[in-house]
Structure formats: C-alpha cells, structure tokens
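The values are calculated or read from the model by the stated rules, or taken from the named source; none is laboratory data. The structure displayed is predicted, hence computed values, not measured ones. Note: ideal-geometry Cβ built from the backbone for every residue, glycine included; neighbour counts use all protein chains shown.
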Amino acid sequence: MTDMLRMVIRTPHAAVVDVEIDAARVPSRTGQLGLRPRQEPFVAVVESGLVILDAGTDRRFAATAGGLLRADRTTALLATPFAVTGATGDEVLRALDAALAAPDSELVTRRRMALLEQRIVRELDPSHRGQHREA
C-alpha cells in the first residue's frame with residue numbers, strides 16, 4: 001500500500017474514519033477538493049457535506065459538519081465537530097437521523113449554544129440597547 005493516502009476524520013470525541021484510500025472528494029466553498037496520494041501539502045476550510053472515500057472498488061461516505069482539512073503527501077486529516085459514516089448513502093442518512101434524534105447529542109448542544117450566542121450579540125449590539133429584551 002505504498003501509493004495510498006491515509007484519511008482521518010476526527011471529531012472532538014473520536015477518530016470516526018482512519019483508512020487507507022486511493023482518492024477522496026471533500027466539499028469546500030469553491031467546489032469539491034480532490035485528494036490523492038503524493039499531492040502537494042495544503043490546508044483548507046471544508047464545508048458541511050458529504051465526503052466520498054474511494055479505496056479500489058470500495059466506496060464509503062462520511063457526512064461532516066465542515067471543519068479544517070490538512071493534507072500532505074501521505075495523510076489527510078479533517079478535524080470536524082461532527083461526522084457520521086456509512087457504506088451507502090442510506091446508511092449515512094440513517095446515522096444522521098439517529099444523531100439528530102438523540103436528545104443529548106452534541107448537535108442539540110451546538111444549536112443551543114448558537115441561539116445563546118445570537119441572543120448575546122443582540123444584547124451587546126448598540127442598535128438594540130434600550131429595547132425590550134426577550135425573557
């Protein structure tokens with residue numbers, strides 16, 4: 001496996017993916033980034049979406065919440081706050097549904113934090129001062 005790329009997708013809790021691949025496609029703001037072994041090193045911001053991982057005739061998928069991708073000639077590391085994987089699109093969708101349905105999921109916490117952040121920004125914004133605040 002000398003001509004393979006090690007692909008790691010890591011959340012704050014675990015390495016969700018750690019596989020040897022021939023190629024991958026990762027969503028970015030400007031389109032799909034292609035990853036291959038022996039590429040020039042780079043760092044890129046990744047958008048939320050579907051990562052496609054190819055190893056020979058085997059194809060796997062990972063849905064991520066975006067993040068930071070660091071790639072060099074032998075390894076690509078995607079650091080993301082959330083990711084689920086599957087061998088088919090349906091498996092990925094089921095994993096996403098399960099994660100979203102979990103009452104204590106990190107996604108629920110992140111949504112609550114985003115709402116809190118929005119409220120704080122509104123309260124700190126001088127144009128909103130003196131107006132009635134939400135309870």
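Which pairs do you get when a residue that is under 16 Å from R25 (Cβ atoms), found in segment 75-90, comes within reach of a residue that is modelled with pLDDT of 95 or more and in a loop (DSSP other than H, G, I, E, B), reach meaning Cβ atoms under 7 angstrom, with the pair 6+ apart or on two chains?
No pair meets every condition.
Tell me which residues, restricted to segment 1-30, are without any contact (Cβ under 8 Å) to a residue 60 or more places away in the chain and over 18 Å from A63 (Cβ atoms).
The answer is M1, T2, D3, M4, E20, D22, A23, T30.
Being farther than 18 Å from S48 by Cα, assigned to a helix (DSSP H, G or I) and at pLDDT below 70 is the filter here, so list the residues in segment 97-112 that pass it.
Passing the criteria: only R112.
Scan segment 63-81 residue by residue and report those that are modelled with pLDDT of 95 or more and either out of contact with any strand residue (DSSP E or B) (no Cβ under 9 Å at 6 or more places or on another chain) or within 18 Å of A95 (Cβ to Cβ) (or both).
Correct list: L78 only.
Take the residues in segment 1-56 that are within 19 Å of V84 (Cβ to Cβ) and among the acidic types (D, E); name whichever of them is modelled with the lowest pLDDT. Step through it out loud before you land on a result.
The first filter runs over segment 1-56 and keeps only residues within 19 Å of V84 (Cβ to Cβ), leaving 7-19, 21, 24-27, 46-55.
Now narrow it down to the ones that are among the acidic types (D, E): 18, 47, 54.
On the way: D18: 97, E47: 91, D54: 97.
Taking the candidates together, the pick is E47.
Do the conditions hold for L115, that is, is it closer than 18 Å to V19 by Cα and either modelled with pLDDT under 90 or in contact with a Leu (Cβ under 7 Å, 6 or more places away or on another chain) (or both)? Steps first, answer last, please.
Details: closer than 18 Å to V19 by Cα: no; either modelled with pLDDT under 90 or in contact with a Leu (Cβ under 7 Å, 6 or more places away or on another chain) (or both): yes.
No, not satisfied.
Just checking, which of R38, R94 is at positive phi and not in a strand (DSSP E or B)?
Values: R94 fails: at positive phi.
R38 is the lone residue from the list that is at positive phi and not in a strand (DSSP E or B).
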